[in-house]
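Notes to accompany the following structure.
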Amino acid sequence: MKTDKKTRLVVIGNGMAGIRTIEELLKMSPDEFEITVFGAEPQPNYNRILLSPVLSGEMKFQDTVLNDWSWYKDHNITLHAGKLVTKIDRKNCVVEAEGGLAIPYDRLLIATGSNPIMLPIPGINLPGVLAYRSIDDVEKMLVAAKNSKRAVVIGGGLLGLEAANGLSLQGMEVSVVHLCDWPMERQLDQVGGGLLKNELEKRGLKFYLSRQTEAILGDDKVTGLRFKGGEEIPADLVIMAAGIRPNIALAKAANIHCERGIVVNDTMQTYDPKIYSVGECVQHRGQCYGLVAPLFEQAKVAANHLAEYGRMRYEGSAVSTKLKVTGIDLFSAGDFNPGPDDEELLLQDSARGVYKKLVLRDNKLRGAVMYGDTLDGPWYFQMMRDETDVSEMREHILFGQMHIGDSGRGGASNVANMPDSAEICGCNGVSKGTIVKTILDKKLFTLEEVRAHTKASSSCGSCTGLCEAILANTLGDYSAKPSKKALCACTEHAHHDVQEAITKLKLKTIPELMKALQWKTPDGCHVCRPALNYYLMAAWPGVYQDDSRSRFINERVHANIQKDGTYSVIPRIWGGVTSPAELRAIAEIAERHEVRTVHITGGQRIGLYGISKENLPKMWGELVEAGFVSGHAYGKALRTVKTCVGSEWCRFGTQDSTAMGIKIEKMTWGSWTPHKFKIAVSGCPRNCAEATIKDFGVVCVDSGYEIHVGGNGGIKVRVTDFLCKVATEAEVLEYCGAFMQLYRESAHYMDRTAPWIERVGLAYVKQHVVEDAAGRAALYARFFESQKYSQDDPWKERAEGKDAHEYKALATV
Amino acid sequence: MNWIQIGNLEDIPRQGSRVVQTNDGEIALFRSVDDKVFALNNKCPHKGGPLSQGIVHGTRVTCPLHNWVIDLETGNAVAPDVGCAHRHEVRVAHGVVFLEVKAGACKAAA
């Protein structure tokens with residue numbers, strides 16, 4: 001489309017999916033389209049998800065507008081709001097609308113959304129019968145609420161209950177009529193549905209379950225309802241919320257292939273190559289979606305192809321649901337009705353009003369229903385999408401992620417009932433109220449947007465679950481793409497794709513890799529470059545040339561940057577064992593360089609703080625002379641091996657844990673890993689070296705050595721998993737090397753061992769490190785091959801002049 | 001105009017940065033992957049982090065302290081963050097880098 005003439009794009013549908021596509025398109029090709037939008041409603045694009053808060057009086061319509069009139073003007077978009085399209089003339093590529101309008105198109109986007117299902121029963125056209133779909137419906141409902149008393153909602157699904165709750169808050173007596181035995185049967189099982197019904201009944205709603213409406217009664221307006229069997233109830237207002245149906249009338253009339261919805265391929269193209277479609281009117285791989293996140297994914301893909309980038313595919317979405325009724329916490333995802341091959345895990349605490357059900361098949365999560373405490377919903381949802389093997393966490397999975405401890409958020413668990421003043425992000429001091437307000441004001445829909453705008457969850461990440469829960473509570477639904485998450489905004493590829501491509505395509509430099517995988521930016525960003533550098537280094541030891549420009553500053557200059565721009569220096573102290581001579585040397589060097597703080601670290605090392613960058617090489621030279629090497633306290637690398645004094649001194653010691661720790665540290669130091677890696681060796685089960693919160697921990701016992709993996713003591717305290725028991729020191733070393741190598745080869749960059757093991761499952765680690773002796777030996781050998789190239793002391797090299805430009809100013813003027 | 005000769009283009013690593021000391025503080029010179037050179041105060045508008053130590057990508061640098069991304073062409077933080085690391089005029093002729101230093105420039109922006 002590189003001619004002077006602009007491409008004429010006509011969009012039918014002025015709702016969230018259609019307009020989001022235009023926004024994505026304008027980001028990519030701001031000047032290449034002449035855009036015309038038809039909207040059936042007389043309003044600009046508004047956030048349909050927020051109709052419920054408007055009905056309940058918590059928000060005003062104005063707050064829900066996503067793109068006001070000026071947005072269309074500013075982007076030269078012709079908007080025909082309130083004009084119905086009457087025909088798509090595919091032969092002549094023209095869209096015809098009311099009032100004789102005929103707009104020609106080069107590309108057409110159909111985003112007609114869905115229509116409420118109006119049951120074909122007598123009385124359906126009576127005044128006082130409304131759907132619940134548009135702002136117009138809501139306004140009519142608000143008027144009716146003022147003038148009449150009794151409302152009946154037909155349909156006890158998500159929409160119906162939100163409508164019922166809203167009308168009840170407007171002061172009406174509300175009854176809900178539902179075909180099934182419990183409300184929201186598509187999202188909840190019978191127990192969860194029962195809890196929900198009880199709660200709503202407490203709030204004044206009345207339920208008529210297992211009832212089929214036969215007729216709406218009344219002569220010139222609604223007076224009541226009659227069920228099959230003859231039972232009648234009075235009503236002044238009837239809301240039809242029996243479901244929605246893709247709005248495909250126009251497409252069908254134009255002979256575009258439709259089934260339940262308009263059928264599209266993975267590029268959101270219909271059977272007519274000039275016509276694309278997104279949103280609720282679409283049927284993709286047999287699936288129709290009614291939630292916002294999938295629509296936005298579709299919008300992104302459609303825009304990409306309209307702009308002729310032709311790079312993305314939509315592969316479907318996994319969705320989860322929340323009910324947007326203030327104070328009710330409910331979550332469901334996946335397939336939660338167990339089949340014959342499935343297992344059910346249940347937790348029910350009636351006094352606390354908590355109910356959880358997880359459905360497992362082949363040790364993987366297939367579905368989840370939660371009521372009352374939904375904080376772990378996103379966690380379960382994530383594992384569902386990752387297809388994590390959960391066999392090792394069965395015992396505690398129902399208690400959620402919280403039971404393993406979380407610092408910085410005060411043990412908070414129930415987002416819905418938290419006050420606005422509650423601090424969510426302890427790192428950046430962001431309260432719940434701020435997050436909710438920003439989500440609404442800035443119209444945010446994703447966790448990434450919440451991070452960018454509020455900074456919550458953007459530092460240590462421990463409040464990510466809370467932020468996701470707040471987002472879900474505020475928006476009403478939360479969903480995400482299937483497991484595959486792009487490495488960063490520079491690419492569509494996930495970590496795993498990149499790792500695989502490196503070995504398969506034998507890619508050996510970052511530029512080669514970016515070219516082969518069609519990176520979108522010329523030289524990546526601060527997120528992807530360090531990851532690529534690590535993956536290449538791990539894949540091609542001795543061959544790959546480390547790219548210092550793709551290293552975070554700490555690893556580039558081999559020291560930790562501090563808040564004032566000075567650095568800290570932490571020499572290696574093998575196994576935490578030192579001597580008066582070593583201490584004296586450190587003391588003298590510290591004094592000579594006027595070190596401002598000397599601090600004992602948690603890993604049994606000595607940290608020297610406040611060193612200016614220019615002074616680093618000189619100080620390192622002195623440390624090297626005194627016999628020290630770099631402690632790598634700055635790297636995603638082996639940090640420390642912490643030990644206790646073991647059998648050499650301790651009256652309880654069973655083995656020489658100190659000597660073993662030193663041996664392990666001599667073997668593993670200098671190795672680069674996906675994230676930092678900590679080891680400890682304790683001489684007896686009293687575990688003074690805290691080996692069970694390390695990435696690799698050894699606990700000595702009388703008969704040998706217990707090996708524990710995957711622990712950490714950071715944001716989320718995670719106790720290690722027991723891997724196995726071995727008899728000899730040589731075995732400990734082999735298992736250690738093999739485990740580290742498995743982690744180095746298969747974890748995603750920036751994953752500690754704990755989340756890595758939670759993702760791949762302990763069974764995977766056991767299989768490679770414990771059960772397969774030949775595989776273990778091969779991993780161990782590859783670890784040694786890689787270590788050949790990583791045990792040159794970086795401090796010594798720099799004291800001798802390597803990378804001198806890193807430490808010196810270019811000029812003084 | 002007060003153009004000062006700083007050094008050679010080759011002295012600045014590609015996708016990297018070098019610092020020039022001035023009486024008013026440090027100026028960071030950046031060299032992009034395609035050899036464009038930019039100059040900003042060596043001070044992130046967020047918490048004063050040394051931008052020269054960040055990862056340079058495209059025509060942007062990421063601050064090493066809290067990952068703010070600063071546009072090298074304007075000195076502005078990339079949205080939604082707001083702030084500016086004052087930029088300085090810089091040019092390269094025959095592989096030699098010249099910088100225009102205005103008195104008080106760094107102070108004013110800091």
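Observations
- Mean ellipticity per residue at 222 nm, deg cm²/dmol - from DSSP H runs of n ≥ 4 across chain A, formula -39500 (n - 2.57): -9000 deg cm²/dmol
- Exposed-loop-free span, longest in chain A, where GluC sites (Glu not before Pro) count as exposed if DSSP calls them loop and at most 11 other C-beta atoms lie within 10 Å: A:1-230
- Beta-bridge orientation, chain A: approximately 65 percent antiparallel, per DSSP, counting only bridges with both partners inside.
- Relative to the longest principal axis of the Cα atoms of chain A, helix A:464-475 runs at roughly 10 degrees.
- Sparse-neighbourhood loop sites, trypsin sites (Lys or Arg not before Pro) in region A:488-567 - DSSP loop, at most 11 other Cβ within 10 angstrom: A:LYS506, A:LYS563
- When each of A:LYS27/A:LYS73; A:LYS437/A:LYS563; A:LYS91/A:LYS300; A:LYS455/B:LYS47; A:LYS364/A:LYS485 is checked by Cα-Cα distance, pairs over 21 Å: A:LYS437/A:LYS563; A:LYS91/A:LYS300
- Considering only beta bridges that DSSP places wholly inside region A:129-242, some 30 percent are antiparallel.
- If you sort the three axes of the alpha carbon gyration tensor as a ≥ b ≥ c, you get a/c of 1.5 or more for region A:638-787 and a/b above b/c, which makes it prolate.
- Within chain B, longest stretch clear of exposed GluC sites (Glu not before Pro) (DSSP loop, no more than 15 other Cβ within 10 Å): B:1-72
- Chain B - mean residue ellipticity at 222 nm from DSSP helices (-39,500 (n - 2.57) per run, n ≥ 4, rounded to 500): -1000 deg cm²/dmol
- Sequence-distant contacts, meaning Cα pairs under 8 Å at least 6 residues apart, place the relative contact order of chain A at 8 percent.
- Gyration tensor (alpha-carbon) shape descriptor, chain A, a/c threshold 1.5: prolate
- The charge dipole of region B:3-109, taken about its Cα centre with unit charges on the Cβ of Lys, Arg, Asp and Glu (plus for the first two, minus for the last two), comes to roughly 160 debye.
- ³J(HN,Hα) computed for each position of region A:142-154 - Karplus, 6.51 cos²θ - 1.76 cosθ + 1.60, integer Hz, glycine/proline x: 5, 5, 4, 4, 6, 9, 9, 10, 10, 10, 10, 9, 8
- Residue-wise HN-Hα coupling along region A:15-23, computed from phi with Karplus coefficients 6.51, -1.76, 1.60 (Hz; x: Gly, Pro): x, 5, 6, x, 6, 4, 4, 5, 4
- Rounded if a/c under 1.5, otherwise prolate or oblate - region B:3-109, Cα gyration tensor axes: oblate
- Dipole moment magnitude, nearest 20 debye, region A:665-751 about Cα centre, only Lys, Arg, Asp, Glu C-beta charged: 340 debye
- Degrees, to the nearest 10: A:432-441 long Cα axis against longest axis of chain A: 50 degrees
- Positive minus negative residues near B:GLY7 (Lys, Arg vs Asp, Glu; Cβ under 14 Å): +2
- C-alpha long axis of helix A:528-539 to longest principal axis of chain A, angle in °: 50 degrees
- Rounded to the nearest whole Hz, the Karplus-based 3J(HN,Hα) values (6.51 cos²θ - 1.76 cosθ + 1.60, θ = phi - 60°) of region A:784-796 follow the sequence 5, 4, 5, 5, 3, 9, 10, 9, 8, 5, x, 5, 4, with x at glycine and proline.
- Length available on full extension from A:LYS364 to A:MET750: 0.36 nm per residue minus the Cα-Cα distance, which gives 136.5 nm.
- Charge tally in the Cβ shell below 13 Å around A:MET141, where Lys, Arg are +1 and Asp, Glu are -1, A:MET141 excluded: -2
- Cβ-defined net charge surrounding A:ILE88, 15 Å radius [Lys, Arg +1; Asp, Glu -1]: +3
Values in this text are rule-based calculations from the coordinates and carry no lab data. Just so we're clear, the structure is a prediction, and the values are computed from it rather than from any experiment. Reconstructed Cβ throughout: ideal geometry from the backbone, glycine too, with neighbour counts over all protein chains shown.
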